[in-house]
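K.L.:
This structure is in structure tokens; I'll ask about it shortly.
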Amino acid sequence: MKLLEKPEQVPTTASEVGSRFVWDPRHAVKRPLRWLYPLLLYGLVALVLLVFLLPLGWMLLISLKTGQGSQTINLFQSFRPSWENYRALWQEVPVARYLLNTLIVSVGSTLLALLLGIPAGYGLARQPGSWANGLALALLGIRLFPPIALLLPFYLMMRDLRLLDSYTGLILLQSVFKITFVAWFMRGFFVGMPQVLEEAALVDGCSRWGAFWRVALPLSLPGVITVSLLGLIFSWNDFFSPLVLSGVRTRLLTLGILEAFSTYEVAWGRMSALGVIAVLPVLLLALGLQRYYVRGLTAGAVRE
Amino acid sequence: MGKLLKRWGLLTWTLPALAFLLAFALYPLGYALVISLFRYRLTDPTGSRAFVGLQNYLQALQDPQVLGSLGNTLLFVGVASGLELILGLGIAVLLDQRLPGMAWVRALLLTPMALAPVVAALVWRALYNPDFGLVSQLLRGLGIPLGRGLVGEAHTALWALIWVDIWQWTPLLAITLFAGLQSQPPELLQAAQLDGANGWQGFRYISLPLLRPVLTVALLLRAMELFKIFDSVFVITGGGPGRATEVLNYHIFKVGLTFFDVGYGAALSVLLMGIVSVFLALYGWVVGWGDRAP
């Protein structure tokens, strides 16, 4: 099972693709009209991008408008970008507080998931046999279950432990969702990594733990970094766990945005600024990590 | 302990993680299974629980609200996953063209799916706003009667939510299927071309059949994700108007965590897990449980 290894195998730039044969509709056309095809294709690309990006562009533009202008329909009429909405928002909504809460919970749950998930992934990758495969797929199964099924009993459990509206409760819940992912992802990473160096370390008298700690783990650092960032993005985007478990003290960003949004529904500019604040960090992160990000989302869908 | 270590070998490395999951995933799920057999309401001041056996389940199967939300869920999952697959395939083929700049297009297409679903939902709530929303303005411009807006009318609200999901997740399918197309060995297609197949025939008889496993797995994964649909319903419509957009997830949330009828809510969530398990089993069957050793 090689689901997650070596993202490099998928060619991603035009020059890489150029070395192999790609299906090309231009072959289907009589010669005289050939020049039309790139034009047609670019037209389609433009349409696709318009559909998928316009809503966000619209939000960005409105967030930069102020005063009367933010309610008008014609976007470009007397458009003078200003940071007014952002500045005002920062003063009116405890954005910093939400950010801090989110940071605490996301870092805490990601660290916990790494601590438990990486050794699990290593064990699953290095132990041959059907037990390990079955266990790995069971972990994936937990990840695919609807969270609501877990949330209701989890809420009762946290209530009994007096952990509602606490960082601990939120960290525990988010860790559940992350651990299976970390183990599954790291397993794929370790499977794709040659074992020769670890074996050499074992022959030289290292224990299994030593071989893991000194050889396998340092080599898997790119995977660890990726999976950590994906874990942070998950927390940033998560809405369900704060909705159920957080309270006044531990409000996370997504819930805070939703509440502030309801307040600002009429104040278009403020509302859009809030949206942009929520989107930008994770968007930049995801763009930087695009291959891994997609890989994390589609774990199991494409094999090489 | 020593014996266990030897027998399980490196699998003992998974024990901490398994212990955690046992305590914070399997135990709560088992707890849900237990309380689903009780009449248990947190709003009841006496806090009494009465064992009622399968009565919660029987009630659920006759409850028109449950059946309605199940219908909405199935419609949502079926339509959204189907359309996302078809549109995604189209875009994947487009991305597969040898044109300069396509790498940029792929990166830009990532944007919607990087958004928090809540934020995506908020953006669309604004877009659908009957007074100012861009979508509403467009529809008005086209002379289409709006009424209370797309999400304000019972017969369009669910479709408006389905569109939000299509908007956010079609790029994922497109990029997955694109990766599938790219990993196909080019020789077969080349041979077909030498034999005189045109582009469409090459796609229809070579690429598409080769893509089928990826299509199946992507569709199943997407369907399972769609059963989790919650954020957009909560944020955009709150299940309304009426119950037009109430999906099973949202209904369970309402029953269990708003009305605090936790026994009944647990029974509903067990039923939902049962439905998703069918898809999970199907997925396991397709990817082959445990038979592909590393």
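The values are calculated or read from the model by the stated rules, or taken from the named source; none is laboratory data. Because the structure is a prediction, the values reported are computed rather than measured. Because the Cβ atoms are built from the backbone with ideal geometry, glycine has one as well, and the counts that use them run over all protein chains shown. For accessibility, only protein heavy atoms count, side chains too; no ligands or nucleic acids. Shrake-Rupley method; radii C 1.70, N 1.55, O 1.52, S 1.80 Å.
K.L.:
Taking the Cβ of A:LEU230 as the center, what net charge do the other residues with Cβ under 11 Å away carry, scoring Lys and Arg +1 and Asp and Glu -1?
P.N.:
With Lys, Arg at +1 and Asp, Glu at -1, the neighbours total +2.
K.L.:
Report the local net charge at B:LEU21: Lys and Arg +1, Asp and Glu -1, summed over other residues whose C-beta lies under 12 Å from its C-beta.
P.N.:
+2
K.L.:
Right, another one. Any idea what the relative contact order of chain B is, in percent, if you count C-alpha pairs under 8 Å spaced at least 6 apart?
P.N.:
Worked out over chain B, it gives 29 percent.
K.L.:
When you look at the Cβ of every residue in B:277-286, what mean number of other chain Cβ atoms sits within 10 Å?
P.N.:
Whole-number average of other-chain Cβ neighbours for B:277-286 is 2.
K.L.:
Continuing with this model, one more query. On alpha carbon coordinates alone, what is the Rg over Rh value for the stretch B:151-213, Rh being the Kirkwood radius?
P.N.:
Taking Rh as the inverse mean 1/r over Cα pairs, Rg/Rh reads 1.26.
K.L.:
For the stretch B:52-286, what % of the accessible area comes from carbon and sulfur atoms, probe 1.4 Å?
P.N.:
Carbon with sulfur: 69 percent of the solvent-accessible area.
K.L.:
Which value, in debye to the nearest 20, gives the size of the charge dipole of the stretch A:89-299 about its Cα centre, when Lys and Arg are +1 and Asp and Glu are -1 at the Cβ?
P.N.:
120 debye
K.L.:
Quick check: convex hull of the Cα atoms in the stretch A:89-299, volume per residue, rounded to a whole Å³?
P.N.:
138 Å³
K.L.:
Quick one: P(r) of the stretch B:197-236 from all Cα-Cα pairs, 5 Å bins, percents rounded to integers, in order of increasing distance.
P.N.:
6, 20, 14, 13, 12, 11, 8, 9, 5, 1, 0
K.L.:
Could you report the buried accessible area between B and A, both sides summed, computed with a 1.4 Å probe and given in Å² to the nearest 100?
P.N.:
Counting protein atoms only, the buried area is about 10300 Å².
K.L.:
Per-residue counts of other Cβ atoms within 10 Å, averaged by peptide: what ranking do you get for A:139-147, B:264-272, highest first?
P.N.:
Top of the packing list down: B:264-272, A:139-147.
K.L.:
Of the trypsin sites (Lys or Arg not before Pro) in the stretch A:177-255, which ones lie in a loop per DSSP and count no more than 16 other C-beta atoms within 10 Å?
P.N.:
Counting only loop positions with at most 16 other Cβ atoms within 10 Å, the trypsin sites (Lys or Arg not before Pro) in the stretch A:177-255 are A:ARG249.
K.L.:
Could you tell me whether chain B comes out rounded, prolate or oblate from its Cα gyration tensor? Rule is a ≥ b ≥ c as square roots of the eigenvalues, rounded for a/c under 1.5, then prolate if a/b exceeds b/c, otherwise oblate.
P.N.:
Oblate is the answer for chain B, as a/c is 1.5 or above yet b/c matches or exceeds a/b.
K.L.:
Take each uninterrupted DSSP H stretch in chain B, measure its Cα extent along the helix axis, and return the ones at 20 Å or beyond whose mean Kyte-Doolittle hydropathy is at least -1.0.
P.N.:
Counting only whole DSSP H runs, the qualifying helices are B:64-95, B:154-182, B:208-226, B:262-287.
K.L.:
Another question, if that's okay. Report the full-extension gain for the segment B:THR46 to B:PHE259: residue separation times 0.36 nm, less the Cα-Cα distance, to one decimal in nm.
P.N.:
Here the answer is 75.1 nm.
K.L.:
Taking beta carbons within 10 Å but only from partner chains, what does the mean come to for residues B:207-214?
P.N.:
1
K.L.:
Let me ask something else. Can you work out the FRET efficiency for the pair B:ILE275 and A:LEU115, with r the C-beta to C-beta distance and R0 = 30 Å, to the nearest 0.05?
P.N.:
Computed FRET efficiency for B:ILE275 and A:LEU115 comes out at 0.35.
K.L.:
Kindly list the residues of the stretch A:242-269 that lie in the label zone of A:ILE104, defined by a backbone N under 12 Å from the point 7 Å along the Cα-to-C-beta vector.
P.N.:
Within reach of a label on A:ILE104: A:247-252.
K.L.:
Related question: About the Cα centre of the stretch B:217-286, how large is the charge dipole given +1 on each Lys and Arg Cβ and -1 on each Asp and Glu Cβ? Please answer in debye to the nearest 20.
P.N.:
Magnitude of the dipole: close to 60 debye.
K.L.:
Using 0.36 nm per residue of separation minus the Cα-Cα distance, give me the extension gain between B:LEU83 and B:GLN201 in nm, one decimal.
P.N.:
Additional length available on full extension: 40.2 nm.
K.L.:
What is the distance in Å between the Cα centroid of the stretch A:220-236 and that of the stretch B:217-268?
P.N.:
Each part reduced to its Cα centre gives a spacing of 28 Å.
K.L.:
Could you order the peptides B:23-33, A:47-57 from most to least packed, using the average number of other C-beta atoms within 10 Å per residue?
P.N.:
Answer by packing, highest mean first, reads B:23-33, A:47-57.
K.L.:
Follow-up. Hey, if you put +1 on the Cβ of every Lys and Arg and -1 on every Asp and Glu Cβ in the protein assembly as shown, which of A:PHE181, B:LEU282, A:ASN85 ends up farthest toward the positive end of that dipole?
P.N.:
The residue sitting farthest along the positive end of the dipole is A:PHE181.
K.L.:
Take peptides B:162-171, B:254-263 and line them up by average Cβ neighbours within 10 Å, highest first, as a rough protection proxy.
P.N.:
Those peptides, ordered most packed to least, come out B:162-171, B:254-263.
K.L.:
Could you give me D for the stretch A:106-208, from Stokes-Einstein at 10 °C and 1.306 mPa s, where the hydrodynamic radius is the Kirkwood radius over C-alpha pairs? Units µm² s⁻¹, please.
P.N.:
Answer, rounded: 103 µm²/s.
K.L.:
Just want to confirm a number: the relative contact order over the stretch A:89-299, from Cα pairs under 8 angstrom separated by 6+ residues, in percent.
P.N.:
Relative contact order here is 31 percent.
K.L.:
Percent of Cα-Cα pairs more than 17 Å apart in the stretch A:161-209, please.
P.N.:
When all Cα pairs of the stretch A:161-209 are counted, 60 percent exceed 17 Å.
K.L.:
Continuing with the same structure: Testing the spin-label approximation: label points 7 Å from Cα along Cα→Cβ at A:LEU280 and A:ASP160. State their distance in nm.
P.N.:
Between A:LEU280 and A:ASP160, the simple spin-label model gives 4.6 nm.
K.L.:
Averaged per residue, what accessible surface does the stretch B:36-109 expose to a 1.4 Å probe, in Å²?
P.N.:
Normalised by residue count, the accessible surface of the stretch B:36-109 is 50 Å².
K.L.:
Further question: If you wrap a convex hull around the C-alpha atoms of the protein assembly as shown and split its volume per residue, what is the figure in Å³?
P.N.:
Looking at the protein assembly as shown, the number lands at 183 Å³ per residue.
K.L.:
Per-residue Cβ counts within 10 Å, from other chains only, averaged over B:93-101: what number is that?
P.N.:
The shielding value for this peptide is 6.
K.L.:
How high is the relative contact order of the stretch B:220-289, given as a whole-number percent (alpha carbon pairs under 8 Å, six or more residues apart)?
P.N.:
It comes to 30 percent, rounded to a whole number.
K.L.:
Evaluate E = 1/(1 + (r/R0)^6) for A:TYR42 and B:ALA107, where r is the Cβ-Cβ distance and R0 equals 22 Å; express this FRET efficiency to the nearest 0.05.
P.N.:
0.85
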